[in-house]
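*Asks:* Dropping the structure in here first, questions after.
The values are calculated or read from the model by the stated rules, or taken from the named source; none is laboratory data. This is a predicted model, so every value here is computed, not measured. Glycine also receives a Cβ, built like all others from the backbone with ideal geometry; neighbour counts cover every protein chain displayed. Surface areas here come from the heavy atoms of the whole protein model, side chains and all, with no ligands, DNA or RNA. Shrake-Rupley method; radii C 1.70, N 1.55, O 1.52, S 1.80 Å.
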Amino acid sequence: MRDGQPSQTARGAAAYRAIHQKLEGGAIFKDPLALKILDEETAAVLDEIAANDSLRPWRLFIAARSRFSEDVLSDCITSGVRQVVVLGAGLDTFSLRNPYADLGVRTFEVDYAGTQMWKRDRMRAAGLAEPPSLVFAPVNFERESLAEGLTRAGFNLDEPAFFQWLGVVPYLTKDAVSSTLKFISKVPQTAVVFDYAEPFRNYPAERRADVMATAARAAARGEPWLSFFDPIELLQLLHGEGFSVIEDLGLPEIAERFYGVLRQDIVLGPGPHIVRAHR
């Protein structure tokens, strides 16, 4: 990650969300700000990325995980949650679209300070106002805990919350994943949505080489995949941290629920998962 800018992974996710609006009309996940918030460098290569059909499965997954997260968030708001935490926010735009602000819902975006400064520059360049319901919570994870960073920003550890944690888990060690879930589980009536990757050994031989090549490219740009979970292992981890209601969607379930006609030619099987977990 370059100083003052988001990681290439964050840039890529933002590009996929934007392309989904252009190519599929936001059929899975509508984000009217996805194109507007992009930087010029990323916007300039959108057509090139969109033309690469091998990236289509990943683009649909990115759209589906955002849709799933905001569906769960909506349920939580109905249940009385008024604190939303976006971990590793990058260029996510929920805080700028927040339809629940009038209900007193605040969004705490957690990321590196440099990334947040870059995002605020992008917002200003796009003419997007910083809403009063948005709180930037810069956290230097080498020097402080997530609890310290959030508390400093005004987050109330004693009130219910929803945590969105997308596109981050594979880049953390298992110990870091476990400690983050442990913190989240201590917040009362909490819910979290995150995604994770299955181990390479779970893939059939004909797909394993492609997945390993994708991981190698991530490592080459300084963003290696550090953790993989078997679904049973992940379930045990969540139960161990006190989560009692868990929904884990693999690619077949994701495609069935969200893709519709877009599932054509999508190879289903082992791959990324989306999880919701409640205390």
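*Asks:* So with the 1.4 Å probe, I'd like the accessible area per residue for the chain, rounded to whole Å². It would help to have the intermediate numbers written out before the result.
*Replies:* Details: 12860 Å² over 279 residues.
Here the per-residue accessible area is 46 Å².
*Asks:* While we're on this one: For an R0 of 41 angstrom, estimate the FRET efficiency from the Cβ-Cβ distance between residue 261 and residue 202 and round to the nearest 0.05. Provide the component values of the computation, followed by the final result.
*Replies:* Details: r = 28 Å, r/R0 = 0.68.
FRET efficiency, residue 261 to residue 202: 0.90.
*Asks:* From a point 7 Å beyond the Cα of residue 189 in the direction of its Cβ, which residues of the stretch 234-263 have a backbone N at a distance under 17 Å?
*Replies:* 244-245
*Asks:* Between residue 214 and residue 145, what length comes free when the chain is fully extended (0.36 nm per residue of separation minus the Cα-Cα distance, one decimal in nm)?
*Replies:* Numbers: separation 69, 0.36 × 69 = 24.84 nm, distance 3.08 nm.
Extending this stretch completely gives an extra 21.8 nm.
*Asks:* Grab the DSSP H runs of the chain that are 4 residues or longer, score each as -39,500 (n - 2.57), total them, divide by all residues and round the 222 nm result to the nearest 500 deg cm²/dmol.
*Replies:* Working: 11 runs with 115 residues, N = 279.
So the helix-based figure for the chain works out to -12500 deg cm²/dmol.
*Asks:* Could you tell me which trypsin sites (Lys or Arg not before Pro) in the stretch 139-243 are loop residues by DSSP with no more than 10 other beta carbons within 10 angstrom of their beta carbon? Please report the intermediate quantities before stating the final value.
*Replies:* Details: sites: 143, 152, 174, 182, 186, 201, 207, 208, 217, 221; in loops: 143, 186, 221.
Listed in order of number, the matching sites are 143.
*Asks:* Can I ask one more? Just checking my list (1) 6, 29, 39, 22, 3, 0; (2) 6, 25, 33, 22, 10, 2, 0; (3) 7, 32, 36, 19, 5, 0 against P(r) over Cα pairs in 10 Å bins from 0, in percent computed from this structure; which label fits?
*Replies:* Checking each listed value against the structure points to (1).
*Asks:* Give me the net charge for the shell around residue 127: Cβ to Cβ below 14 angstrom, other residues only, Lys and Arg +1, Asp and Glu -1. Please list the in-between numbers first.
*Replies:* Values: positive: 36, 120, 122, 124; negative: 121, 130.
Summing Lys/Arg as +1 and Asp/Glu as -1 gives +2.
*Asks:* Another one. How much length is gained on full extension from residue 78 to residue 52, taking 0.36 nm per residue of separation minus their Cα-Cα distance? Mind showing how you got there, number by number?
*Replies:* Details: separation 26, 0.36 × 26 = 9.36 nm, distance 3.98 nm.
Once the chain is fully extended between residue 78 and residue 52, it gains 5.4 nm.
*Asks:* Using 0.36 nm per residue of separation minus the Cα-Cα distance, give me the extension gain between residue 71 and residue 236 in nm, one decimal. Walk me through the intermediate numbers first.
*Replies:* Details: separation 165, 0.36 × 165 = 59.40 nm, distance 2.46 nm.
Taking 0.36 nm per residue and subtracting the Cα distance, the gain is 56.9 nm.
*Asks:* Running a GNM on the chain with Cα contacts under 10 Å, which residue among 192, 72, 211 ends up with the highest mean-square fluctuation?
*Replies:* Judging by the Gaussian network model, the answer is 211.
*Asks:* Looking at the chain only, what percent of DSSP beta bridges run antiparallel? Nearest 5 please. Intermediate values should be presented prior to the final figure.
*Replies:* Numbers: 12 of 29 bridges.
Taking every DSSP beta bridge with both residues in the chain, the antiparallel ones total about 40 percent.
*Asks:* In a Debye calculation with equal point scatterers on the alpha-carbon sites of the stretch 189-249 and no solvent, what is log10 I(q)/I(0) at q = 0.16, 0.21, 0.22 Å⁻¹?
*Replies:* -0.65, -0.91, -0.95
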